[in-house]
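The values are calculated or read from the model by the stated rules, or taken from the named source; none is laboratory data. Since the model is a prediction, treat every value here as computed from it, not as a measurement. Here the Cβ positions follow ideal geometry from the backbone for every residue, glycine too, while neighbour counts run over all protein chains shown.
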């Protein structure tokens, strides 16, 4: 059997049918064509039946038809094998095909036998036709009955339709009103949620029935939380009782409600809110509900506190300004009084040289005091506006201390103070502006001298701490109250003065000290054990570690030069230009006293006219004048051939760096600040007289 299946497609055992018997061509092709035609027909029949079943899903006996199609297909295949054997003698395969055909045919016959009774029991087309006719008659009868019923229903429901129309209209109107109400409520909620304030609505009894989203964002509760009367739980404990009392009073009296209270946020922080509520009435005029808002006023409260603080500071500043103006008037009158008295004395004792010399010295001291006062005010102004510049160089602390002591010597001597100076043996070099360093130390010494009772003890000491030099000025004077230590360096600040002792000054000396020290990269400290226990000021300045050299060489050169400038050289022509006749007259007399020839002009235009004729060696010219100011006059003179060698000197009350730069750009060679120092003029003239 295995051998059979192994040689199923083997044709070596059999010859082709052409060679079996005496086949003629006509006889053979008759069989071949017939078998092929049968195969083609048997193949088409199953296809047609399959297509028919595909289209008619309700076709009965589908399995029988499938077996029949398979039977016919195998029969056609058997005929195909009969034709193929003429060339390819696959008799074994042909036998298998016939065996399959026989098996399927037997199964088909068996199934057909089983189905035959069922098929016979099926109704015939005539029976179906009769049944259809009977159903049609029944449907007609049913339709007639249904029409009659519909007519009855129509007649019965006509009245209901009429009644229902009015009911539908009423329902429609109610739905439209409800829809309008929902839209209005939705718009209200959208508007309320978009507001930055907390919005709430309460019933007539005060129970809250609505909060906008801002409330829930603030308190941190979910929607619906803290409704009714539970909202009061987030009130500040100190505000709760009063706020609820006011709320209940508004409910009882039906009056608008307004109050400020604190609410607790989700983070536990309390913030101030302004709560307002107004009444909403229905068509009958009865209270329908309360509409309220809560506005966050925490920042406004802070601004109010700040405004109160600002107002207090402005009030304090105004008070200090008034005190400053009064003090300034007092300090200006102090030196002006002896100057004016001196002028009267000079009129009366023209022939008393001793008295005149004493008066002159007094007037000179008072003038220096006035100049110092004005210079301090200008320094404060420049520092405040950021227009102040230091001229740094390497300075020995000992030199600055010496100059400062000389400056404060008269004040110390007049009060009978004992000054002790304690400096290290090793020189201390600083990177500082020499004049400003002297100003710092002299201001501290003057301050100690003024606020220490007569015959007091003042100690100026210095030491090196790390990379800084600490200079301290300690006294046993009136001391500083503890509440004034923080403000002692504020401008115009002065301690309260006892009735039996008045301290002069504007209250800007310590302000200058602090500002100048900070500009040098240092800092200043103050300490005091209290009233009547003295005080100590400590200044810290960075050290200069550069190579040792002669400190403050410029100042030494200036002093050396000044010491050799008292001798008179050749006489020079000096043109004095000032619209203030008293100022030009006094300056002219001073120049004449120095041995020079002088001419006077009243403004810039007159100055250029006289300068061209007079051909002055030096022009001392004010800047602010009518017709033509000093800047324009200087530029004109510099453009002339005869004026290129003339020495132009600005003599003005403007002494800031920007003023000096402006005068230099206009053609001035030097810049002197009024009142011109006679010693400075001598040195200038002496330098011009040298060959």
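List of remarks:
- Residue in segment 584-605 that is closer than 22 Å to residue 665 by Cβ, in contact (Cβ under 8 Å) with a residue 24 or more places away in the chain and touching a strand residue (DSSP E or B) at 6+ places or on another chain (Cβ under 8 Å) present: yes
Per-residue answers, yes or no, for (1) in a strand (DSSP E or B); (2) in contact with a strand residue (DSSP E or B) (Cβ under 6 Å, 6 or more places away or on another chain); (3) at pLDDT below 90; (4) surrounded by fewer than 19 Cβ atoms within 10 Å (Cβ to Cβ):
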residue: 376; (1), (2), (3), (4): no, no, yes, yes
residue: 386; (1), (2), (3), (4): no, no, yes, yes
residue: 390; (1), (2), (3), (4): no, no, yes, yes
residue: 409; (1), (2), (3), (4): no, no, yes, yes
residue: 439; (1), (2), (3), (4): no, no, yes, no
residue: 448; (1), (2), (3), (4): no, yes, no, no
residue: 455; (1), (2), (3), (4): no, no, no, yes
residue: 458; (1), (2), (3), (4): yes, yes, no, no
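- In segment 116-129, the count of residues that are surrounded by 14 or more Cβ atoms within 10 Å (Cβ to Cβ) and in the same structural domain as residue 23 (by TED's automatic domain parsing) is zero.
- Qualifying residue in segment 452-467 (condition: under 15 Å from residue 513 (Cβ atoms) and touching a helix residue (DSSP H, G or I) at 6+ places or on another chain (Cβ under 7 Å)): yes
Each row is one residue, and each column tells you yes or no for (1) surrounded by fewer than 11 Cβ atoms within 10 Å (Cβ to Cβ); (2) assigned to a strand (DSSP E or B); (3) modelled with pLDDT of 80 or more.
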| position | (1), (2), (3) |
| --- | --- |
| 155 | yes, no, no |
| 159 | yes, no, no |
| 164 | no, no, no |
| 172 | yes, no, no |
| 193 | no, no, no |
| 206 | no, no, yes |
| 222 | yes, no, no |
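- Considering the conditions (1) modelled with pLDDT of 80 or more; (2) touching a strand residue (DSSP E or B) at 6+ places or on another chain (Cβ under 7 Å), residue 238 is excluded by exactly one of them, (2).
The rows are residues; the columns are (1) part of a helix (DSSP H, G or I); (2) more than 19 Å from residue 297 (Cβ to Cβ); (3) in the same structural domain as residue 209 (by TED's automatic domain parsing).
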residue	(1), (2), (3)
231	yes, no, yes
248	yes, yes, yes
255	no, yes, yes
259	no, no, yes
263	no, no, yes
267	no, no, yes
271	no, no, yes
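- When segment 278-311 is filtered for residues that are closer than 18 Å to residue 214 by Cβ and either part of a loop (DSSP other than H, G, I, E, B) or in contact with a helix residue (DSSP H, G or I) (Cβ under 7 Å, 6 or more places away or on another chain) (or both), only 297 remains.
- Test result for residue 340, outside the structural domain of residue 200 (by TED's automatic domain parsing), modelled with pLDDT under 80 and surrounded by fewer than 12 Cβ atoms within 10 Å (Cβ to Cβ): no
- When segment 636-659 is filtered for residues that are under 30 Å from residue 379 (Cβ atoms), out of contact with any strand residue (DSSP E or B) (no Cβ under 6 Å at 6 or more places or on another chain) and either without any contact (Cβ under 8 Å) to a residue 60 or more places away in the chain or in a strand (DSSP E or B) (or both), the ones remaining, listed by number, are 652, 653, 654, 659.
- Residue match in segment 619-634 (condition: under 17 Å from residue 571 (Cα atoms), modelled with pLDDT of 90 or more, in the same structural domain as residue 573 (by TED's automatic domain parsing) and not in a helix (DSSP H, G or I)): yes
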